[in-house]
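Undergrad: Quick one: the structure is below, questions incoming.
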Amino acid sequence: MFKSLFSKLVGTYFIIILITIVVLGVLLSGYFEDFIFSRRADELKDDITDLNPYIEMYAMGVLDQWHLYNYFKLADRYKNSTIWIVDDMGYIWLSYASSEEETDKWKEQQLTAEEFAKIMEGESIIKEGKFGERFTVPVLTVGVPFTIRGNIVGAIFMHSPVEEIEETIHETYKSIWLAAAMSAIISVILLFFTSKLISKPLKEMNKITREFAKGNFNRRVNIKSKDEIGQLAFNFNAMADSLNNLEQMRRNFVANVSHELRSPLTTIRGYIQGILDKTISAEKSNKYLSVALDETKRLNKLIDELLDLARIEAGEFPLNIITFELNELIRRVIISQEERITEKDIEVDIDFEREYFYVEGDIDRIQQVLYNLIDNAIKFNPKKGMLSIRTWDFEKTVFVKVKDRGSGIPKEEIRHIWERFYQVDKSRSSEDRGTGLGLSIVKKIVNEHGQDVWINSKLGEGTEFIFSLKLAEGS
Ligand SMILES: Nc1ncnc2c1ncn2[C@@H]1O[C@H](COP(=O)(O)OP(=O)(O)OP(=O)(O)O)[C@@H](O)[C@H]1O
Ligand SMILES: [Mg+2]
């Protein structure tokens, strides 16, 4: 029945309101009934206590019956009450009722001892019922001691029909239930609108989520409230933004990869085709084949790097952290590049602050970082350039700096160089043209180690990369 949030809210609130109103109504009604009864009893008690002096005067012959009855009538105030004056034996020696035969009916009747014994002891009584079946309708009876000169000589009873009181109670009930019904209606209207207010943005988000599922990340939720729903909407929109970015990145990535794969493949295909249909002469074919071979190497490198990146991102490259000596690793990477260094006649300047730096890290991954940075430094150094490498430590951290004397990177490009496929000069056509993945791999690996990598570059002067590593415990 309650499928939507809206109907759930309305349903639950409605049940709560209904229960509250019914419980309140029942409690209030009961309370008012008791209250009205005790008020009426107090009234009757006051009335007959006030009558005591007149009855006393009548008993002593100072006041005649006609005057006394007038006082009774005044006390009764059209409540249809019956008044009895009872002697110490329980005989009703004087009675009053609204009609004459009623008045006479009670004369000389005797009450049982238990009916008035307590009064003779000075207490007053309150009773509800037919007073020993003496009345045909239920009455509220109040009895108080009758005193002459301060001595208890009998009792005064006043019986008032309950019917009259019940009418007042019914009037009160009516008001209570009318108020309850009105507040129920107002609350239902209010809760209808508040529930709508709560469920509307959720419905909207729901709708937009379905659009997301279809791949359309352009829709946003338009909710400005500051409450939890507003915060949810804000975060929802932020999520949509990042999904959109991600989608954009994915598209760019696919476009970049396709482009990077296509150009070497086109070259290779063109050369092979040329050799096969003899447009490329037999003497030149060797040269073209070796270019094609270089291109396949580049393709291999690209695919290796892409796989590395994908694995690191998917967390499938758990770091194998060990303690190793960093300076030695740096020397090994430089030696592996010796041929290129001498070919470009690059001066190498090494400055290790300590002879040994034992660090914690994944040696293969750090070798990859060093290789990429040194590879860039050699690649972007001019002939007769300079490659300088420094290591030093500071507060349990070792820093490595790889510096070249290349052309530097324009300021506005610096923040992009960590992006995949980003290359400042796309048109570089020399044989060592890269893919633009090296630095993004560097950053990923260093960050995986919980460390950082920084760049300083000045156009025309050169570039330096610095990255940190954790110094091994005890070294
Ligand atoms: N030492 C440097 N001097 C000048 N520019 C640099 C230097 N290092 C990187 N860059 C710039 O940053 C870009 C990205 O570098 P990255 O190492 O990611 O790619 P790449 O070297 O072009 O290709 P790959 O490393 O995949 O072979 C480079 O193309 C280059 O424009
Ligand atoms: Mg590189």
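The values are calculated or read from the model by the stated rules, or taken from the named source; none is laboratory data. Source: prediction; values computed, not measured. Don't worry about glycine lacking a Cβ; one is built from the backbone with ideal geometry, like all the others, and counts go over all protein chains shown.
Undergrad: Being outside any helix (DSSP H, G or I) and of a type in the set (Gly, Ala, Ser) is the filter here, so list the residues in the range 207-253 that pass it.
TA: Gly215, Ser225
Undergrad: Tell me, please, whether a residue that is more than 45 Å from the chain's Cα centre (by Cα), more than 25 Å from Leu319 (Cα to Cα), free of Cβ contacts under 8 Å to residues at least 12 places away in the same chain and not in a strand (DSSP E or B) can be found in the range 395-407.
TA: No, every residue in the range 395-407 fails to be more than 45 Å from the chain's Cα centre (by Cα), more than 25 Å from Leu319 (Cα to Cα), free of Cβ contacts under 8 Å to residues at least 12 places away in the same chain and not in a strand (DSSP E or B).
Undergrad: Ok, one more. Hey, can you tell me all the residues within the range 308-324 that are surrounded by 11 or more Cβ atoms within 10 Å (Cβ to Cβ), out of contact with any strand residue (DSSP E or B) (no Cβ under 6 Å at 6 or more places or on another chain) and more than 16 Å from Val442 (Cα to Cα)?
TA: Once the filter is applied, which keeps residues that are surrounded by 11 or more Cβ atoms within 10 Å (Cβ to Cβ), out of contact with any strand residue (DSSP E or B) (no Cβ under 6 Å at 6 or more places or on another chain) and more than 16 Å from Val442 (Cα to Cα), the range 308-324 yields Ile322, Phe324.
Undergrad: Here is a follow-up. Gly385: more than 8 Å from ligand 1 (Cβ to nearest atom) and assigned by TED's automatic domain parsing to the domain that holds Ser336, yes or no?
TA: Details: more than 8 Å from ligand 1 (Cβ to nearest atom): yes; assigned by TED's automatic domain parsing to the domain that holds Ser336: yes.
Yes.
Undergrad: State the number of residues belonging to the range 364-399 that are of a type in the set (Val, Ile, Thr) and over 23 Å from Asp308 (Cα atoms). I'd like the intermediate steps shown before the answer.
TA: Here is the first cut: in the range 364-399, the ones of a type in the set (Val, Ile, Thr) are 366, 369, 374, 378, 389, 391, 397-398.
Those left that are additionally over 23 Å from Asp308 (Cα atoms): 389, 391, 397-398.
Qualifying residue count, the range 364-399: 4.
Undergrad: A further question on this structure: May I ask you to list the residues in the range 457-475 that are crowded, with 16+ Cβ neighbours inside 10 Å, more than 16 Å from ligand 1 (Cβ to nearest atom) and among the small types (Gly, Ala, Ser)?
TA: Ser468, Ala472
Undergrad: Next question. Just checking, how many residues over the range 243-268 are among the hydrophobic types (A, V, I, L, M, F, W, C) and within 13 Å of Leu306 (Cα to Cα)?
TA: The number of residues fulfilling the criteria is 4.
Undergrad: Additional query: Here is a list: Asn381, Asn320, Asn327. Which entry is within 50 Å of the chain's Cα centre (by Cα) and polar (S, T, N, Q)? Walk me through it before giving the result.
TA: Working: Asn381 fails: within 50 Å of the chain's Cα centre (by Cα); Asn327 fails: within 50 Å of the chain's Cα centre (by Cα).
Going through Asn381, Asn320, Asn327 in turn, the sole match is Asn320.
Undergrad: List every residue pair whose Cβ atoms lie under 6 Å apart, where the two residues are 6 or more positions apart in sequence or sit on different chains, the first residue falls within the range 1-30 and is without any contact (Cβ under 8 Å) to a residue 60 or more places away in the chain, and the second residue, located anywhere, is surrounded by fewer than 16 Cβ atoms within 10 Å (Cβ to Cβ) and assigned to a helix (DSSP H, G or I).
TA: Every condition considered, the pairs that remain are Phe2/Lys8; Phe2/Gly11.
Undergrad: Can we say Ile414 is within 14 Å of ligand 2 (Cβ to nearest atom) and not polar (S, T, N, Q)? Steps first, please.
TA: Working: within 14 Å of ligand 2 (Cβ to nearest atom): no; not polar (S, T, N, Q): yes.
The answer is no for Ile414.
Undergrad: Looking at the range 8-47 only, could you name the residues that are hydroxyl-bearing (Ser, Thr, Tyr) and surrounded by 14 or more Cβ atoms within 10 Å (Cβ to Cβ)?
TA: Within the range 8-47, Tyr13, Thr20, Ser29 meet the criteria.
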